[in-house]
Every structure is written in structure tokens, then in C-alpha cells.
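Report on the structure given below.
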Amino acid sequence: MPLRVIISGASSGLGMALARHYAALGAILGLIARQERPLQILVEELSNASYYVADVRDAQTMRSVAQTFIQHHGCPDIVIANAGISNGTLTEHAEDTEVFENILATNVIGMLNTFQPFIIPMRNSKKGKLVGIASVAGYRGLPGSGAYSASKAAAISYLESLRVEMHGSGISVITICPGYIITPMTENNPFRMPFILTAEKASKKIIHAIENKKLFAVIPWQMSIIARILKLLPNFLYDRLFAKIQHKPRHHI
């Protein structure tokens, strides 16, 4: 029986690369994104793939997507909550409040909405993997990226809570913390991005971590060293080092 895999945020970047790699492995795919045309083009390229136009912030629509996939293909073996958005934000600007809310809703509540409809079916089958794409940006608050850092810190904690909740159920919860990946999300970053990977290389490493049931993986491993060092820096030193770094550009999502 081929793997059955759900991927949110599949219309570009890392999600698209993951879809292509799983398709090459012969998986049955359920691909989710807000934009229909890129999904159509991707599904035409792949075999055994279906697409669903949905916003992960919409819990009712995500439940409908899950029901449709299960009716046609059965309970998925892997659900990857990959959908995410990033944007520069500054608390002093009132117009950034809505942007902040959208980032948190997509990156945190969207992850919940992606997993929730599949948990009971996975419990009943006593197997499955729930994979959350977090980020090393969740290790410390990056200036100018308060919303994104907060969302990824919340995702890391949420995934840990869910992992403990699923203990003994047969369901694995896997946290993936990528560093920098060449995607539309990073193309306008005005700062140096160490150890940056193509989406294709990152997806291979992520799939390897999923196959090996790594509960927590930083991609690439070099970023885990940087992240741990930053986590250990005392606040006064961290503040001094990062106060003047370039910020991610602000624009409305």
C-alpha cells in the first residue's frame, strides 16, 4: 500500500518540493493551498495527487478537506502542516496589527486546523505521523519579525504539547525547524542567510527525518548549533548584537 500524505502550503516553495519528492516515492498525495492555479499545474505534473483549495485558518473547510480525502483514500499516514506566512512587523505601527494577527492565525491556528480532523482516524488506526514545520526563528525573538518569531515559538511549544498528548497512541508528532530555505518567503530578506538550502535539498532532509521518526529536527544541522548558541546568550549581549541588524521588509499580506 503506498504512503498517503497530506501537505498544506503545497502551491510553492518547500510544500511543492515535498510534494514532488513524495510523488517520486509513489505516494498518494492530498495537496492543500489557497491558490488554485499553482495546485492545478502541480497535480498535472504528478501522479496520484489530488488538490484542495483551502485556507488553513478556516477550520470548517479543513475538516471538509480531511473528510473528502479519507472517503477517497483512507486515513493518511503522514500529515505535514507546512503552510506558513512571514512578514516584517513593528509593534509601533497600528497597521501592522492585522498583519501580526494573520501570521499567528496561519502559522499556529492553521497548524491546529490541519492536524485536528485526522487525529481521531489516526487514533483508530493506531498509526500516523503529524509533522509540523516550525523554524529556528522560534528559538529567540528576531527584531522586525516579532509576529513570525512568536508564531514559530508557539508552534514549537504546541507541537511538544501535542507529542505528549499522543504518547502511546501510535501517532508520532514530529517538529521540523528549518533554517533558511530559498523560497518566495525569503527572497526579499535584506540580510545574510547562513547555511541556506534550496527547497529541494531541504525537502530531502525533512523526508529523511520523517522516515526516521525524529521527534525534533533542525534542518540543516549546522543551524542547530547557531540556534543553541543564540538561546544561551545572555539578554544584554543578545540585545546588543541584534539591535541594529536589518529587518525583514514590512508590507501588507
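The numbers here are math on the coordinates, done by the rules we state, and not lab data. Note that this is a predicted model, so its numbers are computed, not measured. Glycine gets a Cβ as well: all are built from the backbone with ideal geometry, and neighbour counts include every protein chain shown.
Couple of notes before you dig in:
- Proximal lysines relative to LYS244, as straight alpha-carbon distance under 29 Å, when same-chain residues fewer than 8 apart are discounted: LYS152, LYS231
- Principal-axis tilt of helix 221-232 within the chain, Cα atoms, nearest 10 degrees: 50 degrees
- Computed over region 4-242: relative contact order in percent, which uses C-alpha pairs under 8 Å that are six or more apart: 18 percent
- Within region 1-157: Cβ-based charge dipole about Cα centre, in debye rounded to nearest 20 (Lys, Arg +1; Asp, Glu -1): 800 debye
- Going through [x] 58, 43, 31; [y] 50, 50, 37; [z] 54, 38, 30, the figure that equals Cα extents along the principal axes in Å as computed for the structure here is [z].
- Within the straight-line cut-off of under 15 Å between alpha carbons, the aspartates and glutamates reachable from LYS213 are ASP77, GLU160, sequence neighbours fewer than 8 places apart in one chain being disregarded.
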